[in-house]
1. Under the definition of partner shielding as Cβ atoms of other protein chains within 10 Å of a residue Cβ, what is the mean value for peptide B:14-23?
2. Counting every Cα pair in region A:133-269, what percent are over 25 Å apart?
3. Hey, if you put +1 on the Cβ of every Lys and Arg and -1 on every Asp and Glu Cβ in region B:108-210, which of B:121, B:185, B:148 ends up farthest toward the positive end of that dipole?
4. Of the listed peptides B:699-705, B:110-116, A:81-87, A:165-171, what is their order by residue-averaged count of other C-beta atoms within 10 Å, with the highest listed first?
5. Run through all the Cα pairs of region B:572-711 and give the fraction in each 5 Å bin from 0, expressed as whole percent.
6. Restricting attention to region B:467-556, which GluC sites (Glu not before Pro) occupy a DSSP loop and are surrounded by at most 15 other Cβ atoms within 10 Å?
7. With a length cut of 24 Å (Cα positions projected on each helix's long axis) and a Kyte-Doolittle mean of at least 0.0, go through chain B and give me the DSSP H helices that pass.
8. Return the distance in nm (one decimal) between the two label points of a simple spin-label model at residue A:298 and residue B:209, each offset 7 Å from Cα along Cα→Cβ.
Amino acid sequence: MSNPVLIIGAGVAGMTAAVELADSGIKTVLVERLSTTGGNALNLYKAFPTDDCFYCFEGNRWRPGIRKCFYRSALTEQPNIDLKMNSQVEEISGLPGNFSVKLDIGPQYVDPKKCTMCGLCIEKSKAFSLVSPQCQPQAVVYDPEIEDTGTTSAAEECPTKAINLDAKSTKKIISVSDIVIATGYHEMQPVNVDEYGYGTHPNIITQLELARILDPLGETKGVLLRPSDGKPAKRVMMVQCVGSRDENYYAYCSKICCVFALKHAAILTQDHEDVEVSVVYMDIRTYDRYEKYYRDTRNAGVEYIRGRVSRIEPQDDGSLDIIVFDSLLNKYLKFSVDIFVLSSALEPSAGSSQIISSLGLKSASGFIGAINPETEVVVGNRIYACGSALGPSEVPESVTQARAVVSKILQSKE
Amino acid sequence: MSDKKSAVLLCTCGKQLGLSFDLLESELKKNNLTTSVTVEDLVCQEEGLAKIASLLAENEGRLVIAACTSQKIQPRIIQYLKDRGIDGTQIQYVNIREHSAWVHSDVDEATKKSLDMIRGTLARSATSVQLVPETKEIGNHVSVIGGGIAGIEAALSLSNLGYHVTLMEISDQLGGHVKHLPLVAPTGKSGVEILSGRLESVEKDSKITILTKTKVKFVTGEMGDFTIHYTAEDNTSELTLKTSAVVMAMGFKEFEPIGMEEYRYGKNPDVITQFQLSRMLTEGTLARPSDGGAVKEVVMVQCVGSRSEDYKRDCSKICCTFAIDNSLEILKQIPDAKVRVVYMDIRVPFENELVYKESREVGVDYIRGRISMVWEQEGKTRVKIYDSLMDEYLEVPSDLLVLSTAILPPDGVFALSETLGYAIEDDGHIKELYGKLRRNETRRRGVVAVGAVTRPQFVSESITDAQAGALILHNELQGGKIQAIMRGAVLNVDDCVGCSLCAQQCPRGVPLMIEQIDAEEESEDQKILFKAAIDTLNCHSCGVCQSLCPSGATQLNFLSNNQMWSEIEATLEGAGADNPVTLCFYCEECAVSTIDIAGTLKMEYPASTRLIPVPCAGRVSIIDILKAFEGGASSVMIAACETDRCHVGGTGNEIAQVQVDVARDILNAIGWKGERVDMFRMFSAEPERFTTAISEMVRRAREFGPTPVHTGTAGKWMEVGK
């Protein structure tokens, strides 16, 4: 029996690679740091370019339909996928074809194959919750930090006996033939970018936080409210390139923040009533057909201001006065807004640098670098990467890259 | 086919579902389509799975499982049965959890709804047929059209995956645009460097046949059995090639700005395109075309034809990087040259930003604005630029005025679409099957598109595309031995009337119209010259052909017309003026997930609703809708994917919309309220789209009151046309 393929990260890229490999008869070990797969996409609400949800990826070939939502992706049901949740790769050694990987496997408080999501434990104890209706595995999660009188009876009365409150984390060493790095990106917390005051005022948020507000499944049920006082927000200002194209933080362009911001501007102007949106930018980078978002939002009345934000002045009524230098008009403008949204840089996810150094890979501004940049998915000898691990990527690119990785792995096995 | 009885397996979800299982059990035992009723606490666990296996054995595979969403338990059940070699293709599922118990707090109402839906599913099960695995042997040969970087990479990938490949190139050599690029960011390499290893591999590869100066005329057949008609070098006569699949890799065409008077392209020889500059730089012939003079002053203009309402509306994506690459190369060859780039927005993704920065550091001057005039003065070209940041005009000399012209689809894409059957985007590129997840697949099975023929792409993206495209075909062709369960549309050719609706409207272009050689011999009014042919193994099982077929010749083998109609009738048993029912057909793509998520979130909606699954909204025909009213429904809705986002191939939901519109017209014409039927688009990120829609249809059912069927004033549908 040949070694399985290790896939690090179960976002859209990692899941696609796992399902494609599994359907091709290749065993995989899919390692995910969090308690649900889906990565950033799980929190992004509407997708571009399709304007439907972000929660799907391609399904197995043996199932009808051409794609599956995360909740029905059945990752726990496939004999060729060994899904390790709450787990991390600690160490990789050995040679291509026979890498030795040390895994830190988190405690499995809830057996995902047994949990039916019947809801009994959630009723009994606050320590149990459902991360998202789209979560995969479809199972509740247990937070041992929350002490509660109901946890024991929840565990005892669970109809399938899926709960083990005494579960412990374990270490395991496995041998794998190939490694696929699909660790995604992380939205920079712009706490150190003083000029934007992130963290100093609740109405100064990031695009990812705005996505949560716009999401009907989120806390505000999709109603645009000011985080400070829960009052309806009517004026929104976005600022691009926060921490990107900036020598002090990340010199590169984060590539997808423009279309990300414009997608939100489109939702705000088209699906919400009487919301005014302005976007402060250096260059609007809506590549290829994404230009449509730029056209549509301008037609919908979104105001684009080429320049930089120079000052933010919180007002007593919870609003923010923003002073913007408009480089086209060559003068300062003052705006009063309810929510100020920072299009924060997309940075390599935690652990990226460790993977690069331990496997001796190239770095592309901290993301995983290809051996030859023109062959973007091949990053080492039997080591591949796909999705935003290679640099900020949209979902379609991540999927295509994941398929390219699988293509290369199958080619090497033919 | 006579009705067969099925076993019923009810799951209580660990005794957590708010349903009266005693009532369900006793009522279902009375149903004459049931052999047995079993109540299990956990169908999804080992004991329950074992029960499924034994019930299948006892009931010749006929089993109705009423439990949580089939979207979750079906994969587990399939896997369990597959491991034991048991056939489960006739199992029918009813969702009594997310679609009933979790969304209706009234236990009696939820039980009644569940009972009706189980009764309907028993009727569906009664005439189900076993789906059997099938094997088809095809040639393991793939043709790649286009010998640029994407085509070369696709050919190499396919060869590595075990296929024989014919690589067809229209010009006299491979390499496309890339071989003329002096520098390809962010690789730091020239196009030739990127190509050379690949060209060597392609030429050495015994499984790859290269045909240059070859023009593909048209293609006939379908996946596994295409015939490519082409003309080859020094041979005007047409040749043919048998192949199982096609990779479209025809690259792009640079826009020729002939009509744009303001730049004087075509009039002034020193006004050239960015790609013409690339060739000069690669060939070492950088000079003024007019007189061969030295190039010291260069002005580049971005977005020529791109982001323009008159030419191409969208951004061409790669031209900014392209211009920067060439600027750097100019400065390498002529260090004291002055390069100015006139732009609207500089668009350089990710690390290409670092190359942009480098270019500014070495002195490339970026001017945000537009060209206001180009003219010749004393043999020199002069350019007037409006600088929108300084709000001023500046006039500069120019040895070369370089236009970064739009990236357009190549010639021939449209012509080949007529026989290859892929769809075309508004901008003329080949349209993808689904923008988020299926970028390289086209509408037509067995035809993938890679590289710039789909959209402007960087070299690295084209290479990735080609590798992914090869995988997609490998998945389809399975090395030449296709093994799959025969699940999909089956055509009874004797019933075909040759109308060709299926061939025209199939989202994946599966039905072919085949000439009936013997037809001529029959009497004049009997002859049908062309009849459809459907390869079920190529079918995506949406049912669009079935809903459109006027003669019932093509039907899904897992959801025949009879199955659907008997399910509608049985589900609606008891519906009437006192019990107004809203029947909802939902697709098993976006609609099922929206309804499931509404269930998981326990979003309450009226319990006077009954749900029937269909693979795609396009499966629902006018007759199905009218049958629902005939059966006693007060209102009928179709829940489908978002507009333009049908997941079966882009058009199933639009076909459904047509069916709904026509059904409405018919209702209005016979004096009903047409608004009793409607269609709604949804996706799971917005579950309230479903609850709002179905509440609206329940409201209409109440508002419009009893239907003519309820009041006994309606004729049977069969009589309406007479």
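Just so you know, all these numbers are worked out from the coordinates, no wet-lab data involved. Computed from a predicted model, the values in this text were never measured in an experiment. Cβ: placed from backbone, ideal geometry, glycine included. Neighbour counts: every protein chain shown.
1. Values: counts 10, 3, 7, 1, 0, 0, 0, 0, 0, 0.
The shielding value for this peptide is 2.
2. 54 percent
3. Of B:121, B:185, B:148, it is B:121.
4. Numbers: B:699-705: 15.6, B:110-116: 24.4, A:81-87: 21.3, A:165-171: 11.6.
Result, highest mean first: B:110-116, A:81-87, B:699-705, A:165-171.
5. 2, 12, 22, 24, 20, 14, 6, 1, 0
6. Numbers: sites: B:476, B:515, B:520, B:521, B:522, B:524; in loops: B:522, B:524.
Qualifying residues, ordered by number: B:522, B:524.
7. Working: long enough: B:107-126 (28 Å, -0.36); B:459-477 (27 Å, 0.35); B:652-669 (26 Å, 0.08).
Span-like helices, by this rule, are B:459-477, B:652-669.
8. 5.1 nm
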